[in-house]
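Throughout, read-outs are computed from the coordinates displayed, never taken from laboratory work. Bear in mind that the values here come from a model prediction, so they are computed numbers and not experimental data. Please note: Cβ atoms are built from the backbone with ideal geometry, for glycine as well, and neighbour counts cover all protein chains shown.
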Amino acid sequence: MEINLISDTVTKPIKGMLEAMMNAEVGDDVFGADPTVNLLQEKVAKMFGMEAALFFPSGTMANQVAIKIHTQPGDKMFCDKWAHVYNFEGGGAAFNSGVTSHLIDGDRGMFTADQLQKAVIGRGDIHVPFNRLICIENTTNKGGGACWDFEELKKIEKIARNNDLAFHLDGARLFNALVAKNETPEQYGELFDTISICLSKGLGAPVGSILIGTKEHMEKALRVRKLFGGGMRQAGFLAAAGIYALENQVKRLAEDHQKAKEIGVVLETCSYVKKVEPIETNIIIFYVNDDIDSMDFIKKMEAKGILLISMGDGKIRIVTHLDFTNEMLVKLKKELKNF
Ligand SMILES: *Cc1c(COP(=O)(O)O)cnc(C)c1O
């Protein structure tokens, strides 16, 4: 039994999802003629109380297109120093949109409205880039699945409006936050100009992300998606998996969160563990003692059939997901205790 906990992207479609995919009605989506893609887009837009949505092959492309439609080359994007759009998208914000990233020194991937307010104030002359976009991430990836305080997000939205800044949410794991904090998609739809969500993370679809926003923004996004090479043909087979995921695999995220908490409890008792970051959703980040090489720890766990991932700086990450069964949880807890 291999236990793969490197990410929540390792899941494979279950029978019900595969059946939905095989039975999907499809057409050429580049011509807007795939009924299943259209259905998914309408469903998600409605879910968030927003005007329109667009299906993407990846979360990276959805974020990159959002950045592109909100900015001009030379503009400034504000984000946390741990942001995925800055750290993990291959330098795409600079490459695709030519934007400068202003990194805010937040806590577990989250900054405060006060920090942002200080960052947006400054000289407004020819020496400095135009402030154009704020991008936040919920839950935070590098921050260990942490969830933003919604009241803080409302304050940040005010700053966005007062300063004429676009407000984008990288919601690759937004549904984890919604389930953990008992929040609704509509709440987020009201605050943000654009939201990206991943269907291929905790929700368990094999491929796919969605960008949501106004009709006008999505018309621009459609053009940029084509330009970036993201126009897909009979994509309804994939969209069907997304619909299945949204209808059947959202509530169960709570189980992933519960398992993550149980793993955290075990790690707290292990003498070789230096620190466990707070666990709010399905990501566990912990540090081993200085006398243990984290890469060596990962290798030894791998030899027992348990795959974990290094986040650098001695940080190790575990991500729970729908293919991580109760039986696997028992084995993992045992191996961690006995290490
Ligand atoms: C996974 C992820 C993305 C998108 O990643 P893809 O692998 O391109 O789908 C974007 N933002 C965050 C925070 C993520 O965790």
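Structure notes:
- Overall form of region 88-230 per C-alpha gyration tensor (a/c, 1.5; a/b vs b/c): oblate
- Positive contributions from Lys and Arg (+1) and negative ones from Asp and Glu (-1), summed over other residues with Cβ under 15 Å from the Cβ of P35, come out at -3.
- Only beta bridges with both residues in the chain are counted; by DSSP, about 55 percent of them are antiparallel.
- Toward the positive end of the charge dipole of region 209-339, with +1 on the Cβ of Lys and Arg and -1 on the Cβ of Asp and Glu, the farthest Cα among T269, L332, V224 is that of V224.
- Listed by chain and number, the lysines placed with their C-alpha closer than 23 angstrom to that of K118 are K76, K81, K154, K155, K158; residues fewer than eight positions away on the same chain are left out.
- Cα-Cα over 29 Å, subset of K142/K337; K261/K315; K226/K315: K226/K315
- Positive minus negative residues near A83 (Lys, Arg vs Asp, Glu; Cβ under 10 Å): -2
- Think of region 1-137 as a dipole: +1 on every Lys or Arg Cβ, -1 on every Asp or Glu Cβ, centred on the Cα centre; then among G92, A52, P35, G92 lies furthest on the positive end.
- Treating each Cα of the chain as an identical point scatterer and summing with the Debye formula, the log10 of I(q)/I(0) at q = 0.07, 0.09, 0.15, 0.16 Å⁻¹ comes to -0.30, -0.49, -1.25, -1.37.
- In a simple Cβ point-charge model (Lys, Arg +1; Asp, Glu -1; nothing else charged), region 189-253 has a dipole of about 260 debye relative to its Cα centre.
- Amide H partners (placed H, <5 Å) of L307, local residues excluded: I3, N4, L5
- Span from the region 275-325 Cα centroid across to the region 4-75 one, whole angstrom: 30
- Using C-alpha pairs under 8 Å with a sequence gap of at least 6, the mean separation divided by the residue count of the chain gives a relative contact order of 25 percent.
- Positive-pole candidate from Y188, A254, S209, dipole of region 145-256, charges at beta carbon: S209
- Under 5 Å, built H, 5+ apart or other chain: amide partners of K275: Y287
- Sequence-ordered 3J(HN,Hα) estimates for region 331-339 from the Karplus curve with 6.51, -1.76 and 1.60 and θ = phi - 60° stand at 5, 4, 4, 5, 5, 5, 5, 7, 4 Hz, glycine and proline given as x.
- Residues whose amide H lies under 5 Å from that of I134, counting only those 5 or more places away or on a different chain, are F78, A166, F167, H168; hydrogens are built 1.01 Å from N in the peptide plane.
- Estimated dipole of region 200-311 in Debye, rounded to 20 [Cβ of Lys and Arg +1, of Asp and Glu -1, Cα centre]: 700
- For the chain, a crude dipole built from +1 on the beta carbon of Lys and Arg and -1 on the beta carbon of Asp and Glu, taken about the Cα centre, is about 280 debye to the nearest 20.
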